[in-house]
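The values are calculated or read from the model by the stated rules, or taken from the named source; none is laboratory data. On a predicted model such as this, the values are computed, not experimentally measured, just so you know. Glycine also receives a Cβ, built like all others from the backbone with ideal geometry; neighbour counts cover every protein chain displayed. Surface accessibility is based on the protein's heavy atoms, side chains included, excluding ligands, DNA and RNA. Shrake-Rupley method; radii C 1.70, N 1.55, O 1.52, S 1.80 Å.
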Amino acid sequence: MRMKFCGLADELLDGLDILAGRLGFTVAEDGFPVTVCKNSTNAIHVSANDAGGHIEYAEKNHFFRALGLMLESLRKGSSCFEINETARFTLNAVLLDASNNAVPRLETLKEFIETMALMGLNGLMIYVKDTYEVRNYPYFGYMRGAYNSAELKACDDFAFTFGIEVIPCIQGLAHLDMALKWNFADDMKDNPDILLVGEEKTYSFLESMLKAISAPFRSRRIHLGMDEALGLGLGKYLERNGYKNRFDIMTEHLWHLRDICRKLGLSPMMWCDMYFRFASATHDYYDMNSMTPDEVIRKMPDDVQMVFWDYYHEDQNSYIHFLEHLKKFKGSHVFAGGIWIWKGLMPDYKKTFITTNSALSACKKTEIREVIATIWQDNGGETNHFYALPGLQLFAEHGYHATPSLEHVKERFAFCSGTRYDIFEKLSCFDYTKHFEKTDDANPSKCLLWQDILCGLFDKNIEGMKLGEYYRNLHAELLASSGGNGKWDWLLNYPLALADFLSLKAEAGILLREAYLSGNSDALKMFAEETLPLMKMKADILRCVHRDQWMRTCKAFGWEVL
C-alpha cells in the first residue's frame, strides 16, 4: 500500500520508516493521503473517507498505535470509518525479566519495542538483578550474559524512536544471591541474597550500581526492587545490632537509597510487599486483615513510588481492597500484574486474562494511572519471552478501552503480531487438561518432562488420566495449525516437539512399572528396543529445538542450566 503523510512531525519519521517495512506500506507522493496533527487531549482520533485519512494524537507513542488502527481498518476493506480512543493510563509498561538465565538479545528487545509501538504501550522496564556491567566490580554479572552500556543505550535509542520510555529495574536489597556469592560481597551481605543494611560498603556498592544502570538511559526513573526480603535483619545484621523492628530496617535502607537517587538525579520506585508483609502476623502479602501502620508510613520518604504487584487474584474486589491500601502511601502509585509464562514450559493465558481483566478494571475504578505487565522468567527461563505477546495486547487494549472484549483483543493481536491468537491460545492446553482445569499452579507438562521415569515422582498423580493420548492429540492439533504463521512459525517448533515427546514420556514410568511387576517380558523388550530409543531421540530433538529458540532470542549464557 502507498501512503502520503501531510503534517508529519520530524520526530515520527524514523519510526515510520521502520514500521513501513514491517507493515508492508511505502511512503509516496501519489499514495493514500493522510493528514496528521497533534492535540493536547490525550486522545487518539483516526478517520478516513474516499478523499483520504486523518490522524490526531497526543503523545508520540499514540501516533504509532493510531497508524496501526488506520491500516487495520483499511485492510479490512473499510473506506469510511472513525475511531476515537483515550489513554486510560499515563504509563502502560512491559517489564521484561532479563535476570533468570534468559537475557534477551538486543535484537529481541527491538522486536518487542516495535510490537509494543503498534499496540500503543509506552514503557519498557528491563529487570536486571546482576545482568549489567558495573565498573570496579568485575564479578558482578560475571558469566551471566550481562548487558554492557552500549547495548542498553542502543535499546533506549530505539525505544525513543517510538516514544517508549525505557526504565531500568534493579534489586537494591534482596534477590541478589547470584551477585553476593562472590568474595567481593562478603562484608556487605546480611545473608546469601540480602544486602547488609547500615554498612558503608553496601552503599558504595549501590551507588556504583545506580550510576552504571542509569547512565545509558534518557529516563530518570528507576525501579529499586526491594521485594521479598524475608530474611532481612536476621543474618549478619542481627549479629551486629541485635533484633530490630524490620519496618525500621527497611525504612533506614530506603532513605539511604533515596538519597543516592537524589544525588544522581533519579526518581525511584519500589515494590511495596515488604511493608505489607511486616504488617501481617503471618507475613502474608495478601492478608486482608492487616494494614501498614500510619507511623511507619510517616517515616518513609515521600518521593519514592510504591508499586503493588499481584498476579494471582481473580476477583476485582480483592484488587480494589489492596489498591486502596496502597494509596495510603505517599506520592503516586503503580500496579503490576503478570503475564503468566513462568509457571512451567508453556504460557497460561487463562490465568493471565482472568487476573488482568479484574486487576486493570480495579485500577481504573481506583484511579491508578500507571500499570506494568510483568514477564517473569522463574526457574531459569524455560518459556520464551515472546509467548507473552497475547498478554501484552490485553494490557494495551485495557489502556484505551473501559472493558475490551476478547474478540477485540484477538483482532488487534492479529494485526499487531501478524499471526492468529488461537495459535497461541492452544499453548495453554499443555497444562489445562480435563483433570487440571482450575486456574492454579498445576503444571503437569513440566513435572512429566523433568521427572526420571524410573523414580516416577508424579506417576501417582496422573494414574488413569491417559495423558500420553492427550499429548498425542495436542501434537496433532498443533501440527495442523503450523505453517502460515508468518514470522512466528519458529516459535511453534518447541511446543510441537514438546507435545511429541510427552506423548511417549508422560505415562512411560507407569507402563514400564506395570510391565515389570506383571513379568511381561515382551512389553519390557519393546520398551528396551523400541520405545526408549525413540523417546531418547525425541528428547534430543526437543533439546535442539529449545536451544535454537533460545539462541535466536537470548544470549547464550544460562541455557546450559536447562
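Laid out as a table, the results:
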read-out: Any hit, region 475-488, residues being open to solvent by less than 50 Å² (accessible area, probe 1.4 Å), within 26 Å of residue 421 (Cβ to Cβ), aromatic (Phe, Trp, Tyr) and modelled with pLDDT of 95 or more; value: no
read-out: Total residues in region 367-399, condition open to solvent by less than 10 Å² (accessible area, probe 1.4 Å) and over 30 Å from residue 178 (Cα atoms); value: 9
read-out: Test: residue in region 330-349 that is open to solvent by 50 Å² or more (accessible area, probe 1.4 Å), at negative phi and over 22 Å from the mean Cα position of the chain (by Cα); value: yes
read-out: Which numbered condition residue 274 misses (of (1) over 19 Å from residue 167 (Cα atoms); (2) open to solvent by 20 Å² or more (accessible area, probe 1.4 Å)); value: (2)
read-out: Which numbered condition residue 409 fails, given (1) touching a helix residue (DSSP H, G or I) at 6+ places or on another chain (Cβ under 7 Å); (2) open to solvent by 30 Å² or more (accessible area, probe 1.4 Å); (3) within 26 Å of residue 126 (Cα to Cα); (4) not polar (S, T, N, Q); value: (2)
read-out: Options 280, 290: the member that is hydroxyl-bearing (Ser, Thr, Tyr), open to solvent by 10 Å² or more (accessible area, probe 1.4 Å) and closer than 20 Å to residue 246 by Cβ; value: 290
read-out: Matching residues in region 249-290 - criterion: being assigned to a loop (DSSP other than H, G, I, E, B) and either closer than 20 Å to residue 372 by Cβ or not polar (S, T, N, Q) (or both); value: 265, 266, 272, 278, 279, 281, 283, 284, 285, 286, 287, 288
read-out: Any hit, region 530-552, residues being loosely packed, with under 12 Cβ neighbours inside 10 Å and of a type in the set (Gly, Ala, Ser); value: no
read-out: Residues within region 28-52 that are on the phi > 0 side of the Ramachandran plot and assigned to a loop (DSSP other than H, G, I, E, B), tallied; value: 1
read-out: Residues within region 27-51 that are over 33 Å from the mean Cα position of the chain (by Cα), small (Gly, Ala, Ser) and loosely packed, with under 15 Cβ neighbours inside 10 Å, tallied; value: 2
read-out: Lone qualifier among 141, 145, 172 - being in a loop (DSSP other than H, G, I, E, B) and closer than 19 Å to residue 386 by Cβ; value: 145
read-out: Sole residue being under 18 Å from residue 338 (Cα atoms), open to solvent by less than 30 Å² (accessible area, probe 1.4 Å), of a type in the set (A, V, I, L, M, F, W, C) and touching a residue at least 12 places away in the same chain (Cβ under 8 Å), chosen from 125, 70; value: 125
read-out: Test: residue in region 521-543 that is closer than 21 Å to residue 101 by Cα, part of a helix (DSSP H, G or I), in contact with a helix residue (DSSP H, G or I) (Cβ under 8 Å, 6 or more places away or on another chain) and not hydroxyl-bearing (Ser, Thr, Tyr); value: yes
read-out: Every pair of residues 6+ apart whose Cβ atoms lie under 7 Å, when the first sits in region 308-327 and is within 23 Å of residue 348 (Cβ to Cβ) while the second is open to solvent by 50 Å² or more (accessible area, probe 1.4 Å) and part of a helix (DSSP H, G or I); value: 314/354
read-out: Restricting region 336-384 to residues that are in contact with a Phe, Trp or Tyr (Cβ under 9 Å, 6 or more places away or on another chain) and aromatic (Phe, Trp, Tyr), the residue that is nearest to residue 394 (Cα to Cα); value: 349
read-out: Residue among 262, 220 that is touching a Ser or Thr at 6+ places or on another chain (Cβ under 7 Å), open to solvent by 20 Å² or more (accessible area, probe 1.4 Å) and under 30 Å from residue 106 (Cα atoms); value: 220
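Yes or no, residue by residue, for (1) surrounded by fewer than 19 Cβ atoms within 10 Å (Cβ to Cβ); (2) farther than 23 Å from residue 550 by Cβ; (3) of a type in the set (D, E, K, R):
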position	(1), (2), (3)
453	no, yes, no
458	yes, yes, no
494	no, no, no
498	no, no, no
508	no, yes, no
